[in-house]
1. For the chain, with all protein chains present and a 1.4 Å probe, just round the carbon and sulfur fraction of the accessible area to a whole percent.
2. Could you pull out every residue, at least 5 positions away or on a different chain, whose amide H is within less than 5 Å of the one on residue 54? Hs are placed 1.01 Å off N in the peptide plane, and Pro or chain starts have none.
3. Contact order normalised by length for the chain, with contacts defined as Cα pairs under 8 Å and 6 or more residues apart; what percent is it?
4. Could you give the nm distance between label points at residue 295 and residue 178, where each point is 7 Å from its Cα heading toward the beta carbon?
5. Could you tell me whether segment 189-333 comes out rounded, prolate or oblate from its Cα gyration tensor? Rule is a ≥ b ≥ c as square roots of the eigenvalues, rounded for a/c under 1.5, then prolate if a/b exceeds b/c, otherwise oblate.
6. Working from the alpha-carbon coordinates of segment 251-333, get Rg over Rh, Rh being the Kirkwood radius.
7. So how compact is segment 175-269: Cα radius of gyration and Dmax in angstrom?
8. Read through the labelled values (i) 18.4, 52; (ii) 19.4, 60; (iii) 20.0, 69 and report the label of the one computed as Rg and Dmax of the Cα atoms in Å from the structure.
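The values are calculated or read from the model by the stated rules, or taken from the named source; none is laboratory data. Here the structure is a predicted model, which means the values were calculated and not measured. Neighbour counts run over all protein chains shown; Cβ positions are idealised from the backbone, glycine included. Areas reflect the complete protein model, heavy atoms only, side chains present, ligands, DNA and RNA absent. Shrake-Rupley method; radii C 1.70, N 1.55, O 1.52, S 1.80 Å.
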Amino acid sequence: DGGLVWPTTPAVVKGRIYFCAGPFFIAVDETGKEAYRVRLGGRSLASPAVVGDLAYVPTDEGVLLALDVRDGRVRWSSVVGHKSFLGQVDNWDVYQSSPAVADGVVYVGSADGRIYAMSATEGKERWHFQTNHVVRATPAVAGGRVFCGSFDGKVYALDAATGKELWEVNTKTPGVPWNSVQGSCAVMDGLVYVGSRSCFSYGIDAATGEVRWRHSHEGNWVPSSPAVRNGIVYVGQSDGSKVTALGAKGESLWVFNAPNETFASPALAGDVLYVAGNDNYNMKGKGSLSAVDIKTGKALWTLEFPGSVWASPVIAGDTIYVSCADGKLYAVR
């Protein structure tokens, strides 16, 4: 309609930056010069997954596209949902499931409540698994299993080859009116780390589904995906504008009071955690990017952006790529 469109979290591969913006898939080089843009046929709020010469992109028309990264040409397209299911759940339902590619299979969640496994080369369905609400989280694939949450409040472990359910964990908490799992799982050293709108973060045994620990964020949603290194979990919260570092038993090591709410996933590079911020209640509000010392939880610097930053920052070399709600993709050094 001529208005601004928000760039999604970019994928940076071999000197090119790929991202979606409304109905477009766009490729730019490291100087920001546009290589091409193609119209998708629907809008996308997902980060493209780039593997080899293909970029995998889902749209809000319930279609998964495989695009040639050289020119954006469609190599195949497949239905992964139904348009009749495509409603926004609430004002903070701001993401679409991004594809995950492993061993020749594309895994992606859908607005019809399903997790799909599709052939990466042909787009043919291998299997699907039905949850009880929309799936906005990006599947995590590890050890022959697929881990993914749903807006039904559950985290599922599925056999990657067959889609058979192996276990599920319900994040519904007595006294808490919300329970949607909006962010993606991180899997490391046999544990699945994930947050929930139930206002808790969880450490779950990847093999059995046993909840090893859960950490209360005191009434604050956890819509972002965790970043994990050396058994330490870094996770953002929305309402309280905080990022918390959690230890091996889910204990708080430090809390960073961010300048804005955090829906985006934090990004680790060296000893620095990069945290993006957005304005929950004012779509024209300003956003931020903070660099946080992972040892102390103190900000090294903070940049203000003219629009909210809902997308996760991406680090490649000495550059941080930041997608902003003012309709621009920024490169920060």
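1. Numbers: 6800 of 13830 Å².
It is 49 percent, rounded to a whole number.
2. 69
3. On the way: 965 pairs, mean separation 30.7, N = 333.
Dividing the mean separation by the residue count of the chain yields 9 percent.
4. Label-label distance for residue 295 and residue 178, simple model: 3.5 nm.
5. Working: a/c = 1.96, a/b = 1.53, b/c = 1.28.
Prolate, because a/c is 1.5 or more and a/b exceeds b/c.
6. Working: Rg = 12.2 Å, Rh = 12.7 Å.
On the Cα set of segment 251-333, Rg over Rh gives 0.96.
7. Looking at segment 175-269, its Cα Rg and Dmax stand at 12.0, 38 Å.
8. (i)
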